[in-house]
């Protein structure tokens, strides 16, 4: 009989109970990964349990894994990946997070690993210096996975590795696994990746190739510090490097290198020359990165040997010149443009700007001219510039920019980049280049949870930036557009109780005559109309949800309006979607009384129909059929007015056949 220690037995029983509880149910929804809680219900004690459940049970809907980090010792346990078998030899390794293909994933059923909003440490840190793993995150064929808001540092090898390689998955030994090896449709966003000995992100393919990978809104700094063997022989160059990959999008990232990158590395007695740079692709049979757009690059001399780019074996013959042509596999238009480059102190501080069409180019102008001169092409990086981005503190990873940076409003506008690395909205006439959106002087704010049914609580975050040297001293919010100040807090919340479309505004002041600014977000908040339902089976009942609440100003009064004039299509009548007739007039003239569903006051005890304040307004079954003869057709709509007669909101119109 197998024996367990007390701790091992508890762990085994907890794991067994968890597996049993979920054994027949695919994952869907939001889960936590929290080491202070056992695996079970919607929590996983560790990443190994989370990945095991995803791999064995699959997914039946979108899945979010919220990572909760209570101490830096969390998220240090290695997870092995399947060895690569090639020419009779094999090698393997481990990562803090190793990702298989999860059954059931799709563009709809996406899996996301991200820092939990409640995590004591934010963003969650994968510190490889405290782990026996050599890699931060390893994609061994996984599709439709997003990594969001995680910091990865001190990897002995690479921070993130994408491997689309059938030999790794199954090869000839287990060929049924080969279909899982594509590593496609994955996203890396809002992460901070730095101080790794290998690359920040490697994309490697052979008989299968990673594709449709999106890398956006990330900070990268001081990577590729050693290129430790054996990972130097796959065409690795620097921060993001690929060999055989398709349609990789690199957009709105901030890059900085202030520590030297190696130009050569010795492996087993052989010295390999390395063309270290920021972005590189070697011998790929797809595109040479379909998008490199809206990024910011800063090199501190003398740290990078080959410049910003190193494109190897890229020629016009295979139609993937950087910035031109059509993307391999999906037909995506290639976009290399609107990037910002800077070298301290001068452009001549490194051997060249980048390699294009097999030759080193001395500077941005030469690089642009070389690509533009290629037959049948219109050029790449034609709108990019060479300018100091004014990073706030790049040597310590502060790649934020200040107002007045040349990156402001510089990025391309057609890529749908709505937020920055801090999950704050992009402002101005265009997104700023790089991962961080520079503050704009004057009033500004961000709101979450802006659409839904009443009561709808919206959280407002002040994004205002001083107009001058004086700090902001006051905030005045008008949430419902009635010119009445609703809050003077800096970051308030407001609950909208009645349906409607609202345009909240914020006025800030620094106490000086010229220090006032107001911003209004037009039609920002959309509170869903009340939903009116009625049976059409002769019962004559009707229900409205959610429960109408008190409106502003004063107490709201509600009317259930009925019309017998139903010749027109439902909802097309001139009075709230119904046709005004004597029955409608009678509803309006009916006095409010206890339990009366035709006319009532909200917030007044006894004058709201229903037994409790949270009960839906409802006519009991048979009420209408007890008043009107069988066969009568009614149109009904719910309307509410405030204390001075302003219409607060209308429900939909329903037609009931009695």
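Values in this text are rule-based calculations from the coordinates and carry no lab data. Quick caveat: nothing in here was measured; it's all calculated off a predicted structure. A quick note on method: Cβ atoms are made from the backbone with ideal geometry, for glycine too, and the neighbour counts reach across all protein chains shown.
Observations
- DSSP-defined antiparallel bridges as percent of all bridges, the stretch 444-602, nearest 5: 90
- Taking each residue as 0.36 nm, the span from residue 108 to residue 423 lengthens on full extension beyond its C-alpha to C-alpha distance by 111.2 nm.
- Put in line by how crowded their Cβ is, counting other Cβ atoms within 10 Å and starting with the fewest, 440, 604, 68 read 604, 440, 68.
- Stretchable slack from residue 632 to residue 372, in nm (0.36 nm times residue separation minus alpha-carbon distance): 86.1 nm
- With contacts taken as Cα pairs under 8 Å at a separation of at least 6 residues, the stretch 367-457 carries a relative contact order of 19 percent.
- The eigenvalues of the Cα gyration tensor, multiplied by 5 and square-rooted, give the stretch 75-154 an equivalent ellipsoid with semi-axes of 24, 20, 7 Å from largest to smallest.
- Per residue, the average separation of C-alpha pairs within less than 8 Å and at least 6 apart gives the stretch 446-526 a relative contact order of 31 percent.
- Exposure proxy ranking, count of Cβ atoms within 10 Å, fewest first, for 147, 544, 472: 472, 147, 544
- The relative contact order of the stretch 29-116 comes to 34 percent, based on Cα pairs under 8 Å that sit 6 or more residues apart.
- Placing R0 at 25 angstrom, the Cβ-Cβ distance between residue 80 and residue 129 gives a FRET efficiency of 0.80 after rounding to 0.05.
- FRET efficiency estimate (nearest 0.05) - Cβ-Cβ, residue 448 to residue 647, R0 35 angstrom: 0.80
- Peptides 236-249, 118-131, ordered by how many other C-beta atoms sit within 10 Å of their residues on average, highest first, read 236-249, 118-131.
- Sites residue 365 and residue 55, calculated FRET efficiency, Cβ-Cβ separation with R0 41 Å, nearest 0.05: 0.20
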